[in-house]
Amino acid sequence: MSSGFFRTCVVASSCFLLSCNGVRIDRGPFPIEPDVELMAGKMAYLDGLEKIPAGDSVPNVVLILVDDLGKYDISVYADSGVHTPVLEQLAMNGVTFSSAYSTSSVCSPSRAGMLTGRYQHRFGLERQLMNRYPRGKFEYWFVDHFINTAPMRLVQPGSAPTKEEIEKQGIPASELLLSEILERRGYETGIFGKWHLGHNEPFIPNHRGFGEQYGFYEAFSLYDSENDPGIVNFKHDYYANKHIWRQGRKGASAIRVNDTIVDEDEYLTFSIASRACEFIDRNREVPFFLYVPFSAPHTPFQAPREYCEQFSNVGDKNKQVYYGMISALDHAVGEIIERLKTDGLYENTLIIFASDNGGADYTGATDNGILKSGKFSQFEGGINVPMIAVWKGVIPQNNKFDQPVSLMDVFTTVLSATGCDIPGDRVMDGVDLLPCLREERAAPPHGALFWRTDYNKAVRKGAYKLVWNMRDHQEFLYDLEHDPLESVDLSGEFPDLTEALKKEILEWEKQMIPPLWPGVMEFRIEVDDQVTWWAI
């Protein structure tokens, strides 16, 4: 009898015995219900919106969000970055932000903050959407002992949501989305790309203000068939990425048109751009809000062969495919910009380009340039993102903006540009950037910016930034004005400032609510000779 067979028998027997003993993880309660008061305020606000009067000139809005793109991976921010001529031209025609921040270092919470103009902690979408939790303590034990999940690990099992509660994960219906407001205002609305804000009704895009939808609901989907000879694949050898390849285009990763699953043969980045261009053509005579959340360059790493061949001098295939994905992404953005120009709409369109969080340095394809760490962390590499805004005749051209801004500001800025009042029934955290960009306001847009994912917290106030792991009692204080690399921890030198910033975080937290669901994994990095763990 082989040792492998014996081990399998032992594991199976243990599983049976543990299940018989009822060693399970408690379920619930994790109810996700709309806030009754905010729901009433939302409906009153929407009912009070005036339709755009006939003949009024209001701008179209094109919001392009990319996924896991490090700012120093593109030539707009670094000469060593991938040559991205479309984004370079976009930057020359508008403003480039040097200190733009996402509200989270992971996808879903960041998108929630951007589309609501509020810290996502106000409505509980603090963690990534989770499709699966350990079914019992044995399953946790088995994964912990027999499956290599590095650089992540399972969170110690506690109570977990029920199946019904998992299906309710998404932005609560009582939150006002930018799409819902603009749709009620009279804009045609469309989303083309990655949603990742709820996989089930009533959270899907067609129920949240988008008249047209194309793309997928999950955090990821295949860009093309891995067997397509015109595609170059690179498969990373870690657990989470293996799951992505196994998932393929099944379930919430399926490509959908208005919630109907469709086959898609075109490379996904290009098909997203093609569908977006068709939307522009159909709505050239009316105002529209076009939201294009590309999935590139998020894993799985797949790029058209001709784009990879542009980087044949790069010896690392991992980086070659990554760079090819970025080059293809730049081309796709160019298709959208060119269609706006062809249809005579470019000059009356507010265009915003940004990434949802920093580059995923754990892939080995990016190191986020001078910025410390990357996705999942609250160091600059995880939350300091590329961002460009263009609106001809309104936003000055070839301009740089160095003061800290947030993706939450997209919401408020777009409402101002489109003539919508700011909702008054709830706290809004985003600010209107237009007066700052037009130099009508000299004060910084934000007095302070905050981050929280469970025990990981951070604040930036002026030049100083505190990163605080409350669970593991780790504190890092940086002067970003003189040390943008976060290379010198000043917490020991300035204990009073460190304590003052910790108090500001705790005061800010009093306005927030706990996460509406728990996480499953946490992420490990080494920084300043210390191991740090990051909640996801």
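The values are calculated or read from the model by the stated rules, or taken from the named source; none is laboratory data. Here the structure is a predicted model, which is why all the values come from computation and not from measurement. When we count neighbours, we look across all protein chains shown, and the Cβ atoms used for this are built from the backbone with ideal geometry, even at glycine.
Residues in region 302-318 that are under 16 Å from T84 (Cα atoms) and assigned to a helix (DSSP H, G or I): E306, Y307, C308, E309, Q310, F311.
Every residue in region 351-401 that is in a loop (DSSP other than H, G, I, E, B), within 29 Å of A150 (Cα to Cα) and of a type in the set (D, E, K, R), please. Steps first, answer last, please.
So the first thing to find is which residues in region 351-401 are in a loop (DSSP other than H, G, I, E, B), and the list is 356-360, 364-379, 386, 391-398.
Next, from what is left, pick out any that are within 29 Å of A150 (Cα to Cα): 356-360, 364-379, 386.
Listed by number, the residues that qualify are D356, D367, K372, K375.
Of note, R452 does not satisfy the criterion of being within 27 Å of W517 (Cβ to Cβ), among the basic types (K, R) and part of a loop (DSSP other than H, G, I, E, B). Please go through region 493-526 and give me each residue that is surrounded by 14 or more Cβ atoms within 10 Å (Cβ to Cβ) and either over 29 Å from G462 (Cβ atoms) or among the basic types (K, R) (or both), ordered by number. Residues satisfying the conditions are K502, L516, W517, P518, G519, V520, M521, E522, R524.
Considering only residues in region 493-524 that are in a loop (DSSP other than H, G, I, E, B) and charged (D, E, K, R), the one that is farthest from the chain's Cα centre (by Cα) turns out to be E493.
The residue that is nearest to the chain's Cα centre (by Cα), among those in region 124-142 that are surrounded by 17 or more Cβ atoms within 10 Å (Cβ to Cβ), outside any helix (DSSP H, G or I) and not small (G, A, S), is Q128.
Residues of region 437-478 that are surrounded by 17 or more Cβ atoms within 10 Å (Cβ to Cβ), at pLDDT 95 or above and either in contact with a Cys (Cβ under 9 Å, 6 or more places away or on another chain) or more than 21 Å from Y119 (Cα to Cα) (or both): P445, Q474, E475, F476, L477, Y478. Within the option set E507, E486, being at pLDDT 95 or above and out of contact with any helix residue (DSSP H, G or I) (no Cβ under 9 Å at 6 or more places or on another chain) holds for one residue only, E507. Of all residues in region 403-434, exactly one satisfies the criterion of being surrounded by fewer than 22 Cβ atoms within 10 Å (Cβ to Cβ), touching a residue at least 60 places away in the same chain (Cβ under 8 Å) and of a type in the set (S, T, Y), namely T418. The numbered conditions (1) surrounded by fewer than 22 Cβ atoms within 10 Å (Cβ to Cβ); (2) hydrophobic (A, V, I, L, M, F, W, C); (3) not in a loop (DSSP other than H, G, I, E, B) are all true for L490 except (3). If I filter region 71-80 for residues that are surrounded by fewer than 19 Cβ atoms within 10 Å (Cβ to Cβ), over 23 Å from the mean Cα position of the chain (by Cα), assigned to a loop (DSSP other than H, G, I, E, B) and not aliphatic (A, V, I, L, M), do I get at least one hit? Yes, there is a match, as at least one residue in region 71-80 is surrounded by fewer than 19 Cβ atoms within 10 Å (Cβ to Cβ), over 23 Å from the mean Cα position of the chain (by Cα), assigned to a loop (DSSP other than H, G, I, E, B) and not aliphatic (A, V, I, L, M). Residue count for region 36-70 satisfying the condition of being small (G, A, S) and in a loop (DSSP other than H, G, I, E, B): 4. Only a single criterion out of (1) in a loop (DSSP other than H, G, I, E, B); (2) under 18 Å from the mean Cα position of the chain (by Cα) is not satisfied by K168, namely (2).
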